[in-house]
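Below is one structure, written out as structure tokens; comments come after it.
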Amino acid sequence: MGTCGEGKKNGCVRMIKIKELKKTSSYFWMILGVVIFIALWHLISLRYSPMFVPSPGETITALIDLFSVPESITHVYSTFYRVIVAMAILTITGIALGMIAGFNPWIEQIIKPVKDILIAIPPVALSLMAIFMFGTGIVQTVAIAVALGFPLLYGATVTAVRSVNMDLLEMLEVFKVKKIILVKDAYLPAVIFAIMPNILLASGLTVRLMIMAEIIVGLDNGIGHAMSIARVHMATEDIFAWMLVMVAAVLAIEGGLLYLVKKRLLAWQTQS
Amino acid sequence: MLEFKKVTKSFGKRTILENVSIRLENNGILAILGPSGIGKTTILRIAAGTIKPDAGEIQSDLRRIGFIFQEPRLLPWRSALANVTLVLKGNKMLTHNDQIEMAMFMLERLGLKGFEHYYPAQLSGGMRQRVAIARAFVVEPDLLLMDEPFTGLDLELKASLQKMLIQLLTWRPTAIIHVTHEPQDAVLFADSAIILAGEPGRITAKIDFERKRENRDLFYVQEQAAKLAEMLTLKK
């Protein structure tokens, strides 16, 4: 549609064609990047024993073998489920607390020590500390992933709240728009737009942290558990296959999230 | 009626306005001219109630305020219709359907029928400014504040927006403070004009346009604009 409102059809058609061309060329470079990566991986695998670096072919075979067993689907489902729960908690708490702290610097100061600790402590150390303090279990695993991802979304939200366009805020003040509408119609969309890259980053991070937490906590299902078993059996090709699953999971979650956000929340931007 | 009595306003150590007195009757239109940074927009902000004067007194019985800024200041993530209904949301007297109806009516009056679900980025600059005008009028303002709303527009667009605004004012008269750099714009709308000059800004000249707006022909507009331009040059 673009700014085709008042008789600029030819210009619009040209713009759409240019956009499509750019999209096609970006797909080309992306595919080329994947091909180069696989080629390099193959070359490296030729130098080392399959025990250390299995080839792409061996990994794909291991992947097919893995998914011929229904148990593997359960592992993927368990991890996915936990990641989605963790992401939902992370996003809601990160944005809500970030907005409250963005409006009230004193609350930001209260939260600061916790945020700094979560940033400074290595994820593995925090996971071990959580196990010692709260024991093992699914709740603890999800909580670890939430705690580790929280500073990212919280910090971005605080910054975003303070960067909302002052001209828009002045306009809303002049028209005496109620505070609740101000938050819902001005702050929230502006914040979501600003922290979108961080949400995507957090989704990838949550997958990684969740699998790490599953390994450390020692759950009896999930990708982390499956990788632990593969490690015990020295099945390197299985570990590589699970890593491929991880990549696919990150891409699927990021892609799904991006689609949802673009379709629902950022439609105003994608249609411009 | 809106009255500023000896209003003074400073930002930090710098005094922007000093002893500014203005009286605006209901449905009266006042133009304010003067160089950049003299405090014209500060007067609008004080009139809108977003900032308070340091000294002096403001008396006003004009409760509903509309504002047209130099830029449209639309929420980019809301459609044209939602941008207009936004300013009605706090009004408990209106149902959701009333709000939509009123906003649609204003958009239609401004020639935006069919574009109500477009986002600002999909509209041209002139259309965006028309949405901003619709937003200002939909609150049925007792006082309309205009901060150089035609600056930066090309001549054709400016003329068409001015014509629309004059039609709207004939349909629904309201008190207006119109800040502008252009003497001709001032004569087109206002009953009187004041010139701000000096450091800090003070009212240094005032002119009343004798002819009613509907009786002003091009010759009269140009003659009065030339007079204003001369006064502006002298007061610099």
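Straight-line cross-link reach from B:LYS227 at under 14 Å between alpha-carbon atoms covers these aspartates and glutamates, not counting any fewer than eight positions away in the same chain: B:GLU182, B:ASP185, B:ASP208, B:GLU210.
Comparing B:LEU157, B:LEU196, B:LEU168 in a Gaussian network model of chain B where C-alpha atoms under 10 Å apart are linked, the largest mean-square fluctuation is found at B:LEU157. Rounded to the nearest 10 degrees, the inclination of helix A:56-66 to the longest alpha-carbon principal axis of chain A is 90 degrees.
Taking the charge dipole of the stretch A:54-270 about its Cα centre, with +1 at Lys and Arg Cβ atoms and -1 at Asp and Glu Cβ atoms, the residue from A:ILE215, A:PHE103, A:PRO122 reaching farthest to the positive side is A:PHE103. Compared with the dominant principal axis of the Cα atoms in chain A, helix A:223-232 is inclined by about 30°.
Quick check for me: using +1 on Lys/Arg Cβ and -1 on Asp/Glu Cβ, what's the dipole size of the stretch B:2-235 about its Cα centre, in debye to the nearest 20? Write down the numbers at each step before the final one.
Working: 31 positive and 27 negative charges, 116 e Å.
Dipole magnitude for the stretch B:2-235 comes out near 560 debye.
Across chain B, the relative contact order, built from alpha-carbon pairs under 8 Å that are at least six residues apart, equals 28 percent. The residue list B:THR174, B:GLY56, B:VAL138 was ranked by how far each Cα lies along the charge dipole of chain B toward its positive end, using unit charges on Cβ atoms, and B:GLY56 comes out on top. In this structure, A:LYS178 and A:ILE36 have a Cβ-Cβ separation that, at R0 = 56 Å, corresponds to a calculated FRET efficiency of about 0.50.
Amide H contacts of B:ILE29: B:ILE176, B:ASP191, B:SER192, each under 5 Å away and 5 or more positions distant or on a separate chain (H built 1.01 Å from N in the peptide plane; Pro and chain starts excluded). For the stretch B:112-224, a simple Cβ point-charge model (Lys and Arg +1, Asp and Glu -1, everything else neutral) yields a dipole of about 300 debye relative to the Cα centre. For the pair B:THR50 and B:PHE105, the difference between a 0.36 nm per residue extended length and the Cα-Cα distance amounts to 16.9 nm. Once the Cα atoms are used to define both axes, helix A:123-134 deviates from the longest principal axis of chain A by about 90 degrees.
Greater than 28 Å separation of Cα atoms is the criterion. Which listed pairs, A:LYS115/A:LYS184; A:LYS263/B:LYS89; A:LYS262/B:LYS92, meet it?
Working: A:LYS115/A:LYS184 26 Å; A:LYS263/B:LYS89 25 Å; A:LYS262/B:LYS92 33 Å.
Beyond 28 Å: A:LYS262/B:LYS92.
Taking a straight Cα-Cα cut-off under 17 Å and skipping sequence neighbours fewer than 8 places away in the same chain, the aspartates and glutamates within cross-link reach of B:LYS5 are B:GLU18, B:GLU25, B:ASP54, B:GLU57, B:ASP61. Charge dipole of the protein assembly as shown (Cα centre as origin; +1 on each Lys and Arg Cβ, -1 on each Asp and Glu Cβ, all else neutral): 800 debye, rounded to the nearest 20.
Helices in chain B that qualify as membrane-span-like (whole DSSP H runs, Cα extent of at least 18 Å along the helix axis, mean Kyte-Doolittle hydropathy of 0.5 or higher) are B:155-171.
For the stretch A:54-270, averaging the sequence separation of C-alpha pairs within contact (under 8 Å, six or more residues apart) and dividing by the residue count gives a relative contact order of 31 percent.
Every number in this text was worked out from the coordinates using simple rules, so none of it is lab data. Because the structure is a prediction, the values reported are computed rather than measured. Please note: Cβ atoms are built from the backbone with ideal geometry, for glycine as well, and neighbour counts cover all protein chains shown.
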